[in-house]
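Engineer: The structure is given below, and queries will be raised subsequently.
Please treat every number below as a calculation from the coordinates, not as lab data. These numbers were taken from a predicted model, which means no experiment stands behind them. Methodologically, a virtual Cβ is constructed for each residue, glycine included, from the backbone with ideal geometry; neighbour enumeration extends over all protein chains shown.
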Amino acid sequence: MNLLEAIRTRRSIQKMKPDPVPQSMIEQILEAATWAPNHFLTEPWRFIVLQGEGRKQLGKVFAALYVDKQRDEGINPDLLEKQAERALRAPVVILVIATPSPKKHILPREEFAACCAGVQNMLLTAHALGLGAIWSTGPAATHPRTRELFLLEEREEVVGFIYIGYPDQSLPKGKRTPFQHKTLWLNDKMT
């Protein structure tokens with residue numbers, strides 16, 4: 001698959017088979033992330049790979065979010081369990097964490113952007129390997145329980161949870177607004 005085809009055909013995959021993903025594929029996906037552009041070559045990322053029972057750690061965060069939200073209205077045990085099981089929707093979950101450099105001349109925003117570029121590399125690599133993936137964020141990315149469970153340092157933040165597995169659905173159709181509708185050209189013809 002060439003690069004432009006991968007970019008045009010990659011989709012977020014919601015449903016994945018429980019089949020394990022080979023370690024070599026996970027490593028290729030992580031390697032691709034490390035080749036993202038990053039200002040001053042700070043490589044401001046780190047990764048936590050959750051597989052098997054390890055995914056239940058993330059499930060604890062989802063359950064805690066549900067409890068926080070429902071505290072005044074009452075907790076439904078079935079819904080609590082369902083929230084915890086959200087972390088099991090794919091056989092691999094990779095937390096991408098931005099670790100900004102403490103150097104004054106380096107902007108945290110640029111470090112976060114570099115991690116986002118790394119995530120795109122991960123998604124494209126997963127697609128090229130025949131895997132499905134989806135990038136998820138939401139309240140769990142900033143929840144104190146996430147910071148505590150995954151030992152995030154004060155300056156670190158979760159860029160996203162990347163769910164990876166073999167697709168258990170057909171690829172959704174893609175649709176994008178043509179770039180011409182969102183592009184202004186400034187050149188020597190402008191007055």
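Engineer: Starting from segment 71-92, take each residue that is without any contact (Cβ under 8 Å) to a residue 12 or more places away in the chain and list its partners that are part of a helix (DSSP H, G or I) and among the hydroxyl-bearing types (S, T, Y), counting only C-beta distances under 9 angstrom and pairs at least six apart or across chains.
Structural biologist: I75/Y66; N76/Y66; K82/Y66
Engineer: Okay, moving on. Please enumerate the residues belonging to segment 82-132 that are out of contact with any helix residue (DSSP H, G or I) (no Cβ under 7 Å at 6 or more places or on another chain), farther than 25 Å from E154 by Cα and assigned to a loop (DSSP other than H, G, I, E, B).
Structural biologist: Answer for segment 82-132, where residues must be out of contact with any helix residue (DSSP H, G or I) (no Cβ under 7 Å at 6 or more places or on another chain), farther than 25 Å from E154 by Cα and assigned to a loop (DSSP other than H, G, I, E, B): R89, A90, P91, G130.
Engineer: Being within 17 Å of N38 (Cβ to Cβ) and without any contact (Cβ under 8 Å) to a residue 60 or more places away in the chain is the requirement here; does T183 meet it? Lay out the reasoning, then the answer.
Structural biologist: On the way: within 17 Å of N38 (Cβ to Cβ): no; without any contact (Cβ under 8 Å) to a residue 60 or more places away in the chain: yes.
When the stated conditions are applied, T183 does not pass them.
Engineer: Still on this structure, please answer the following. Checking the condition among the aliphatic types (A, V, I, L, M), surrounded by fewer than 18 Cβ atoms within 10 Å (Cβ to Cβ) and touching a Phe, Trp or Tyr at 6+ places or on another chain (Cβ under 6 Å), which residue from L41, L80, L4 passes? I'd like the intermediate steps shown before the answer.
Structural biologist: On the way: L41 fails: touching a Phe, Trp or Tyr at 6+ places or on another chain (Cβ under 6 Å); L4 fails: touching a Phe, Trp or Tyr at 6+ places or on another chain (Cβ under 6 Å).
L80 is the lone residue from the list that is among the aliphatic types (A, V, I, L, M), surrounded by fewer than 18 Cβ atoms within 10 Å (Cβ to Cβ) and touching a Phe, Trp or Tyr at 6+ places or on another chain (Cβ under 6 Å).
Engineer: Checking E53 against (1) closer than 30 Å to E85 by Cβ; (2) of a type outside the set (S, T, N, Q); (3) surrounded by 13 or more Cβ atoms within 10 Å (Cβ to Cβ), which test does it fail?
Structural biologist: Result: E53 fails condition (3) only.
Engineer: What number of residues within segment 137-180 are without any contact (Cβ under 8 Å) to a residue 60 or more places away in the chain, surrounded by 11 or more Cβ atoms within 10 Å (Cβ to Cβ), part of a loop (DSSP other than H, G, I, E, B) and among the hydrophobic types (A, V, I, L, M, F, W, C)?
Structural biologist: Counting residues in segment 137-180 that are without any contact (Cβ under 8 Å) to a residue 60 or more places away in the chain, surrounded by 11 or more Cβ atoms within 10 Å (Cβ to Cβ), part of a loop (DSSP other than H, G, I, E, B) and among the hydrophobic types (A, V, I, L, M, F, W, C) gives 1.
Engineer: Then there's this: If only one of E73, E27, E81 is under 18 Å from the mean Cα position of the chain (by Cα) and over 16 Å from L149 (Cβ atoms), which one is it?
Structural biologist: On the way: E73 fails: under 18 Å from the mean Cα position of the chain (by Cα); E81 fails: under 18 Å from the mean Cα position of the chain (by Cα).
E27 is the lone residue from the list that is under 18 Å from the mean Cα position of the chain (by Cα) and over 16 Å from L149 (Cβ atoms).
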